[in-house]
Amino acid sequence: MADVTRVKVCGLTRAEDVRAAVGHGAWAVGFVLTGSPRHVDRVRAASLAAVAGDALTVAVVSTEAPAWIAGAVAAAGLRAVQLSAGADGPTVTELRAATADLQSQPLVIAAVDTPDAQLADLVLLDARAAGRYGGTGRRLDWERLAADPATPHEDLVLAGGLTPANVGAAITTLRPAAVDVSGGVEWVPGIKDPTKLRDFFLAVERADKEGAAETETSKGEPE
């Protein structure tokens, strides 16, 4: 992925919010096809994907069967799948087998605790809560994760309690490939706040610029 931090806006339910996310430069837009206050069915997901332009359209799923996921992705015309349930849901291998007959193989984002997450295109780090596979609004311990050599960075999609106020610190600490926001830019579940959405993108851009400036400064320092 590029040096800039990509942004995925998730839990979208309205066309105007999809357009706003894309207008701010979203790399990806996510539609929750599993049980959630932000749930949309495959017909609604297809209509939302139709206004997403070049942004990656992502089916967010949890414990659904691989065949069901493949059917939903094909019906809605989505280009990626996010496996959010870890060990409780399908594996990357099972999903790829189920989608093998699709004309275009979807990009796969897998929660880090998916048994074969290393086979995914990108790995998702999100906060867990009992009976929920995402959208908890809880932030992860970024400092602990940054100190853990097992934490991926180049292929990391970071989620969990991100807001315009804290995403800059998350990027500075972990330098993920992408950040994933939902509740942190909402009025209520599924309805995005235009001001928070704009401020989130500005905060990401600011963090990237500060990171680039620090890199240039360190290059100029004598060894």
Take the stretch 37-48 and flag every residue that is of a type in the set (Gly, Ala, Ser) and surrounded by fewer than 21 Cβ atoms within 10 Å (Cβ to Cβ). 46, 47
Taking the stretch 55-75, which residues are touching a residue at least 40 places away in the same chain (Cβ under 8 Å) and buried (at least 23 other Cβ atoms within 10 Å of the Cβ)? 58, 59, 60
Go through (1) modelled with pLDDT of 95 or more; (2) assigned to a loop (DSSP other than H, G, I, E, B); (3) at negative phi for residue 16 and report which single condition fails. (2)
Test: residue 13 is of a type in the set (Val, Ile, Thr), over 30 Å from residue 209 (Cβ atoms) and surrounded by 14 or more Cβ atoms within 10 Å (Cβ to Cβ): yes
Out of 41, 3, I need the residue that is touching a residue at least 12 places away in the same chain (Cβ under 8 Å) and among the charged types (D, E, K, R). Which one? 3
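Residue-by-condition table, conditions (1) part of a helix (DSSP H, G or I); (2) surrounded by 21 or more Cβ atoms within 10 Å (Cβ to Cβ); (3) touching a helix residue (DSSP H, G or I) at 6+ places or on another chain (Cβ under 6 Å):
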{"site": "105", "(1), (2), (3)": "no, no, no"}
{"site": "113", "(1), (2), (3)": "no, no, yes"}
{"site": "150", "(1), (2), (3)": "no, no, no"}
{"site": "154", "(1), (2), (3)": "no, no, no"}
{"site": "160", "(1), (2), (3)": "no, yes, no"}
{"site": "164", "(1), (2), (3)": "no, no, yes"}
{"site": "197", "(1), (2), (3)": "yes, yes, yes"}
{"site": "202", "(1), (2), (3)": "yes, no, no"}
From the list 139, 144, which one is in contact (Cβ under 8 Å) with a residue 12 or more places away in the chain and among the charged types (D, E, K, R)? 139
Among the residues of the stretch 122-132, are any crowded, with 18+ Cβ neighbours inside 10 Å, assigned to a loop (DSSP other than H, G, I, E, B), in contact (Cβ under 8 Å) with a residue 24 or more places away in the chain and not small (Gly, Ala, Ser)? yes
Pull out all pairs, ordered by first then second residue, where Cβ-Cβ is under 7 Å, the residues are six or more apart or on different chains, the first lies in the stretch 172-183 and is closer than 14 Å to residue 200 by Cβ and at pLDDT below 95, and the second is among the polar types (S, T, N, Q) and not in a strand (DSSP E or B). none
Filter result for the condition that a residue is touching a helix residue (DSSP H, G or I) at 6+ places or on another chain (Cβ under 6 Å) and surrounded by 14 or more Cβ atoms within 10 Å (Cβ to Cβ), over 21, 52, 26: 52
Which one of 137, 161, 211, 131 is of a type outside the set (D, E, K, R), over 23 Å from residue 36 (Cβ atoms) and modelled with pLDDT under 95? 211
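The values are calculated or read from the model by the stated rules, or taken from the named source; none is laboratory data. Computed from a predicted model, the values in this text were never measured in an experiment. Counting neighbours? That spans all protein chains shown, and the Cβs are built from the backbone with ideal geometry, glycine included.
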